[in-house]
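Beneath this line is the structure, given in structure tokens, with notes to follow.
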Amino acid sequence: MDKVKAFIFSIIILIGIYLGIDTYLNKKLTVDNNSIRYDRNNEKFFSIETIKKNIGKNTIVLFGSSELGEYMVEEQHPSKLLDYSDLNIMSIGAGNHQSLIHTINLGAITNKNEFKSNKFVLILSSQWFDKDGLEKEAFVARYSEETMINFLKNKDISDENKEYVINRSIDLAQDNPIFQKDLKFFKKAYLKNKLLYRIYSEFYLKLLILKDEFKFLKVYKNTNDKNDKKFKSFDIELELEKAEKTGERLATNNIYGIYDEYYDKYIRENMEAYLDSEADKDYLESPEYEDLKMFIKIAKELNIDVAIVNIPLNGLWIGHTGFRRENIDKYNQKIKEICDVEGVKYIDFSENIDEKYFLKDIMHLGWKGWVRLIDEVIKFNNK
């Protein structure tokens, strides 16, 4: 009897410690400004609970890749132009975050009852759609156990769609036996309904949440400034004028609208190697298309109002690399057809391919690009 009492007492103490730590982390990681929403540390993207805690009723959830995690934050970046208490962005993405990763993120963040008033936006990069799609190493680097378990737990996602996601993930993890074993374990827990597997996974998830929140807290820097600024209006013409001047100031040593530091570091000495290097390239066959369709399918299952954004290549630069315009047009048409068939909002910037300063280098959104995107996102949010 004494052993039973000691065991029960130990369990009570452990639960108390867990609740105490959880309360502490909740207090530290639920803030009244936008510092977490615009935080670009990789640790944030592994802690889905931290993300969920900081999606307010006026927050637009923006999925993307390296344009969101870039080291150079432009004057026109959403963190500068949409830093309001009543209109802001939850930025989710860094290099190698592609459609599959964001499908898992989406299913882990919300169900049919959560964030019903929020708009979700996915920024595509044409580079995702090469013949191999998401690379195995990239998937492993961005894979989050916490996020995957939350995705598989979501009762509003069909087993059929979960099967696609988990099987695709298992395939991408084939060179990493540890991750692949974990994924197969979670599949048994939530798709094969193995009770003991599920009990373990639920307990493990609680530990993962604390671990991932602690890891983020170590790198997160809160300004502790309460943000009570209110959004009034967005003057696109004024912001485009400012963006033009920013581009002219920062891109001075080349004719491609590429900012000086990037051009000097990556291009200047390699101009000859780049010449006609993409003459035979296209983005017409890729597993990424099926991943994108799955993102949209799950958004529709969850009754999420989602927009897909098509970002152009740098038209000034591809004249040098030889990327054929007809192949770009075919790619644009494929993305449009997917959005039309699925009936989701399509924000298309393909016509801006030759606009100087739309991009800041050969692939990332630049000064004018951010202004035009923010304008479209505000319109989408106001629908």
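The values are calculated or read from the model by the stated rules, or taken from the named source; none is laboratory data. In this text the structure is predicted, and so the values were computed from the model without any measurement. Here the Cβ is made from the backbone with ideal geometry for all residues, glycine too, and neighbour counts use every protein chain on show.
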Report summary line: Selection from region 284-306 of residues in contact with a Ser or Thr (Cβ under 7 Å, 6 or more places away or on another chain) and modelled with pLDDT of 95 or more yields Glu288, Asp291, Leu292, Met294, Phe295, Ile298, Glu301, Leu302
Requested in this report: Please enumerate the residues belonging to region 99-140 that are touching a helix residue (DSSP H, G or I) at 6+ places or on another chain (Cβ under 9 Å) and of a type in the set (Gly, Ala, Ser).
Outcome: Ser99, Gly107, Ala108, Ser125, Ser126, Gly133, Ala138
Query raised in the report: Conditions: (1) in contact with a Cys (Cβ under 7 Å, 6 or more places away or on another chain); (2) at pLDDT below 95. Tyr346 meets all but one. Number of the miss?
Result: (2)
Requested in this report: Look through Asn118, Asn105, Asn96, Asn41 and report the one residue that is touching a residue at least 24 places away in the same chain (Cβ under 8 Å) and buried (at least 24 other Cβ atoms within 10 Å of the Cβ).
Outcome: Asn105
Report summary line: Checked Tyr164, Tyr204, Tyr197 against criteria (out of contact with any Ser or Thr (no Cβ under 7 Å at 6 or more places or on another chain) and under 30 Å from Ile89 (Cα atoms)); the one match is Tyr164
Query - Boolean, Lys27 is more than 24 Å from Leu373 (Cβ to Cβ), at pLDDT 70 or above, of a type in the set (Lys, Arg) and not in a loop (DSSP other than H, G, I, E, B) - result: yes
Query raised in the report: Is it the case that region 70-88 has a residue that's buried (at least 24 other Cβ atoms within 10 Å of the Cβ), aliphatic (A, V, I, L, M) and outside any loop (DSSP other than H, G, I, E, B)?
Result: no
Requested in this report: Would you please list the contacts, defined by Cβ atoms under 7 Å and residues six or more apart or on different chains, that run from a residue in region 127-142 that is of a type in the set (Asp, Glu) to a residue that is surrounded by fewer than 22 Cβ atoms within 10 Å (Cβ to Cβ)?
Outcome: Asp130/Ser286
Query raised in the report: Across region 143-160, what is the number of residues that are within 18 Å of Lys206 (Cα to Cα) and either in a helix (DSSP H, G or I) or of a type in the set (A, V, I, L, M) (or both)?
Result: 9
**Report entry** Which listed residue, of Leu292, Leu238, Leu250, is under 30 Å from Ser117 (Cβ atoms) and surrounded by 19 or more Cβ atoms within 10 Å (Cβ to Cβ)
**Finding:** Leu292
Query raised in the report: Which one of these is closer than 19 Å to Val371 by Cβ and aromatic (Phe, Trp, Tyr): Tyr259, Tyr283, Tyr263?
Result: Tyr259
Report task. Please note which helices (runs of 4 or more DSSP H) are completely contained in region 161-263 and include at least 3 residues that are of a type in the set (D, E, K, R) and over 30 Å from Tyr289 (Cβ atoms). Result -> 195-219, 236-250
